[in-house]
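This report refers to the structure that appears directly beneath it.
The values are calculated or read from the model by the stated rules, or taken from the named source; none is laboratory data. Remember, predicted model here, so these are calculated numbers, not experimental data. For neighbour counting, all protein chains shown are included, and Cβ atoms are generated from backbone atoms with ideal geometry for every residue, glycine included. Calculation scope for accessible area: heavy atoms of the full protein, side chains included, ligands and nucleic acids excluded. Shrake-Rupley method; radii C 1.70, N 1.55, O 1.52, S 1.80 Å.
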Amino acid sequence: MSISSLKHSEQTTESNRDSYIRKAVNAASIGALRIALYHQTQDPFLAEMPVSEQPVRGGALTNYVVPREYHQEIRDKAFEFLRNNTQMKSAPTREETENLMTLYSGKKPTPQELDFGIEELAFEGFSRKAHWLQPPSKEQIAKYSVTIIGAGFSGMCAAIQLQQLGIAYRIIERNPEVGGTWHVNDYPEARVDVPTFLYQYKFEKSYAWKSFFAPVDELRNYSNYIADKYGIRSHTSFNTKLLSSTWDEGQSKWVLELEDDRGKKETLNSNFVISATGVFGTPKLPDIPGIEKFQGKMFHTTQWDHDFDYQGKKVALIGTGSTGTQLSRAIARKASQFTIFQRTPNWVTPVKGYHAEIPEETQWMFDNMPGYLNWFIYTNYFPELNMQDLQELDPQWINKGGKVNQKNQQLRETLTAFIKSKVGHKDGLFEKLVPDHSPLSRRLVIDNEWYDTLVRDNVQLVGDGIQQITEDGIIDSKGQKHDVDLIVLGAGFKVSKYLWPVRYQGRNATSIEDMWKTDGARAYKGISMPNFPNFFMIYGPNAQARAGSFHSVVECLTRHISELIARTVEQDAATIEVKEAAYCDYNAKMDKAMSKLLWEDEQGGGGYYVNEHGRSGLNMPWRLHEFCQMIKEADIYQYEVD
């Protein structure tokens with residue numbers, strides 16, 4: 001879009017046009033604007049500005065800023081640049097990008113950070129696209145097919161990678177539409193808890209989002225946009241469950257048993273299987289005595305009954321994790337009485353602009369200021385990575401009596417003060433809400449007016465546990481009965497149940513249960529396992545990033561998996577299987593790296609970051625750029641290809 005595409009530009013005067021540009025520039029992020037403008041103009045004044053570290057959240061995190069006295073001059077220079085519609089420069093070179101990244105933070109990136117940053121900026125479009133080394137003939141490619149399980153963001157990304165390689169694929173999706181977790185989770189107030197511009201594919205970053213933190217309807221629209229643009233639905237079997245997947249040694253294929261919503265069964269043979277089912281697909285139902293006796297309405301947050309009107313009703317919520325705290329505001333506004341049962345308090349952090357919509361002027365800057373969108377995303381992502389510092393154990397700090405490290409302690413103090421400021425006036429409430437565990441040992445919860453909700457007259461927080469459920473209420477551990485009309489089950493998901501409930505059987509009749517019986521789910525780089533040839537996982541064991549963008553990790557994983565498949569096809573081979581030695585060596589290194597982080601030390605604060613064996617089975621121990629570098633190339637030498 002050019003300057004001439006301003007709304008009603010043919011009718012506006014030059015003065016009005018200037019006023020609009022000025023308004024758009026004034027709404028811009030100064031850090032991203034400065035870097036984008038410098039690339040276009042090479043104005044030395046922009047490069048010579050000092051950059052300082054601005055403490056955030058009590059010094060726990062850091063933003064990189066130029067002093068306020070420079071802001072207006074940056075905006076004035078950007079206004080003149082846009083007003084004159086100067087010839088736009090193309091994408092920066094690698095050397096220029098390194099310089100620009102250094103200008104932003106005042107710190108020169110390492111080679112790994114530079115590689116990851118270039119891919120994250122994605123000036124060239126699909127920066128993490130899988131490639132052939134020796135493109136085979138169409139006839140050779142046609143001999144192979146891939147089955148993808150799941151049509152969420154991971155499955156669709158795998159489909160797009162395979163599609164651009166020309167490899168045939170079919171998606172098996174148990175739901176009636178694409179979207180994965182965002183098709184299932186449509187409870188009140190459901191929205192993403194990371195910035196929208198991080199929660200998107202980098203090869204589809206120009207989508208016109210409406211909100212800085214997208215609600216579920218926007219996320220569904222984005223999913224539909226991706227599915228439509230890449231023709232994914234025509235390759236997808238909806239309302240179809242995968243019952244089992246068995247390796248057939250004779251034909252070197254997986255035999256998949258499918259069943260649709262009408263009970264019709266199908267057997268499908270596939271060269272490769274990619275599981276993209278994620279970890280938030282199996283609801284966790286609380287094991288509470290008497291739960292089956294309840295005569296009122298009860299449902300899990302993933303099965304929200306929108307036909308049930310809880311206006312004026314007595315509602316109970318069991319579970320106060322990310323989902324429970326997010327939806328509480330909506331329930332409290334309608335229910336006559338809202339009783340919240342909390343097992344473990346969570347650290348809750350305020351986020352500026354959580355409900356804010358993206359102004360028209362901001363979208364105009366994305367469309368018209370070259371490079372601004374790329375650097376806007378980058379400058380949002382870069383501070384997020386600081387969160388990784390708070391996860392690393394500092395032995396000296398701990399020996400002095402502290403927990404985790406100094407920055408983590410600073411975050412604890414900041415969040416504790418936030419709780420105090422919100423509920424300190426309410427007798428007994430503050431004590432119920434301050435966690436014993438350190439911040440980030442469980443998932444950090446984004447504040448959706450959680451504490452404001454708890455101080456309402458119609459809201460009661462019960463932190464004493466549940467004794468039993470009766471026909472018409474809940475009895476807490478102190479023996480007090482709470483009459484309820486509706487019970488909302490918000491106890492989360494069975495995160496450690498990777499691939500469940502599908503029955504997978506690999507070589508030598510090896511089952512998933514056999515592989516993971518010792519200490520839970522494991523994989524090589526979160527992707528593959530010995531005895532399971534031609535089988536790959538996206539977002540598998542220990543594949544969750546410590547910070548940053550989910551979609552960025554998915555792009556890296558799907559590139560890696562697609563290139564492993566491509567190398568197999570290039571060799572006209574039938575199977576690819578990770579070597580036992582590579583699998584064991586990787587997991588030993590992973591365990592050693594994990595021992596330096598807080599999750600196992602704090603046992604995940606009692607949450608899902610640590611599995612039933614006491615091992616951290618969800619998160620990776622590596623920093624994001626380290627892991628993505630680790631899987632940048634298809635390490636075919638770690639596999640047996642036959």
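Could you list, in sequence order, all residues of segment 555-603 that are in contact (Cβ under 8 Å) with a residue 24 or more places away in the chain, charged (D, E, K, R) and within 20 Å of Lys632 (Cβ to Cβ)?
Of everything in segment 555-603, those that are in contact (Cβ under 8 Å) with a residue 24 or more places away in the chain, charged (D, E, K, R) and within 20 Å of Lys632 (Cβ to Cβ) turn out to be Glu555, Arg559, Glu563, Arg567, Glu570, Lys579.
Is there a residue being on the phi < 0 side of the Ramachandran plot and of a type in the set (Ser, Thr, Tyr) anywhere in segment 521-540?
Yes, because at least one residue in segment 521-540 is on the phi < 0 side of the Ramachandran plot and of a type in the set (Ser, Thr, Tyr).
Return the residues of segment 296-326 that are out of contact with any strand residue (DSSP E or B) (no Cβ under 7 Å at 6 or more places or on another chain) and buried (at least 24 other Cβ atoms within 10 Å of the Cβ); say none if nothing qualifies.
Thr323, Gln326
Spot the failing condition for Leu557; the list is (1) touching a His at 6+ places or on another chain (Cβ under 9 Å); (2) within 30 Å of Ser137 (Cβ to Cβ); (3) of a type outside the set (Val, Ile, Thr), and only one is missed.
All conditions are met except number (1).
Find the strands (runs of 3 or more DSSP E) located wholly in segment 208-285 whose residues include 3 or more that are in contact (Cβ under 8 Å) with a residue 60 or more places away in the chain and in contact with a Gly (Cβ under 7 Å, 6 or more places away or on another chain), and list them.
Answer list for segment 208-285: none.
Out of Gln460, Gln480, Gln571, report the one residue that is at pLDDT 95 or above, touching a Ser or Thr at 6+ places or on another chain (Cβ under 6 Å) and farther than 26 Å from Phe116 by Cβ.
Answer to the check: Gln460.
Any residue at all in segment 41-55 that's open to solvent by 50 Å² or more (accessible area, probe 1.4 Å), touching a Ser or Thr at 6+ places or on another chain (Cβ under 7 Å) and at positive phi?
No, every residue in segment 41-55 fails to be open to solvent by 50 Å² or more (accessible area, probe 1.4 Å), touching a Ser or Thr at 6+ places or on another chain (Cβ under 7 Å) and at positive phi.
Only residues that are open to solvent by 10 Å² or more (accessible area, probe 1.4 Å) and either touching a residue at least 60 places away in the same chain (Cβ under 8 Å) or of a type in the set (Ser, Thr, Tyr) (or both): list them for segment 470-481, please.
Thr470, Glu471, Asp472, Ser477
Only one residue in Ile565, Ile466, Ile576, Ile538 is surrounded by 23 or more Cβ atoms within 10 Å (Cβ to Cβ) and under 30 Å from Thr325 (Cα atoms), so which one is that?
Residue meeting the stated conditions: Ile538.
Yes/no matrix, rows are residues, columns are (1) modelled with pLDDT of 95 or more; (2) within 25 Å of Lys202 (Cα to Cα); (3) aliphatic (A, V, I, L, M); (4) open to solvent by 40 Å² or more (accessible area, probe 1.4 Å):
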residue	(1), (2), (3), (4)
Gln72	yes, no, no, yes
Ser90	no, yes, no, yes
Leu100	yes, yes, yes, no
Gly125	no, yes, no, no
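Return the residues of segment 127-145 that are surrounded by 12 or more Cβ atoms within 10 Å (Cβ to Cβ) and over 30 Å from Tyr381 (Cβ atoms); say none if nothing qualifies.
Within segment 127-145, Pro135, Pro136, Gln140, Ile141, Ala142, Lys143, Tyr144, Ser145 qualify.
Restricting attention to segment 167-181, which residues are modelled with pLDDT of 95 or more and on the phi < 0 side of the Ramachandran plot?
Once the filter is applied, which keeps residues that are modelled with pLDDT of 95 or more and on the phi < 0 side of the Ramachandran plot, segment 167-181 yields Ile167, Ala168, Tyr169, Arg170, Ile171, Ile172, Glu173, Arg174, Asn175, Pro176, Glu177, Val178.
Conditions first: (1) at pLDDT 95 or above; (2) open to solvent by 10 Å² or more (accessible area, probe 1.4 Å); (3) farther than 26 Å from Ala159 by Cα. Tyr637 passes all but one, so which condition is the exception?
(3)
Of all residues being within 17 Å of Ala32 (Cβ to Cβ) and touching a residue at least 24 places away in the same chain (Cβ under 8 Å) in segment 102-112, which is surrounded by the most Cβ atoms within 10 Å (Cβ to Cβ)? Just the residue, please.
Applying the filter and picking the extreme gives Tyr104.
Would you confirm, using the coordinates I've provided, whether Arg83 is in contact (Cβ under 8 Å) with a residue 12 or more places away in the chain and open to solvent by 60 Å² or more (accessible area, probe 1.4 Å)?
Yes, satisfied.
Rundown of residues vs (1) part of a loop (DSSP other than H, G, I, E, B); (2) open to solvent by 20 Å² or more (accessible area, probe 1.4 Å); (3) over 30 Å from Phe123 (Cβ atoms), yes/no style:
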| site | (1), (2), (3) |
| --- | --- |
| Ser328 | no, no, yes |
| Ile340 | no, no, yes |
| Lys352 | yes, yes, no |
| Met365 | no, no, no |
| Glu384 | no, yes, no |
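Within segment 90-125, which residues are touching a Lys or Arg at 6+ places or on another chain (Cβ under 7 Å) and assigned to a loop (DSSP other than H, G, I, E, B)?
Residue satisfying the conditions is Ala122 alone.
Please work out if Glu257 is under 17 Å from the mean Cα position of the chain (by Cα) and either closer than 17 Å to Glu173 by Cβ or at pLDDT 95 or above (or both).
no
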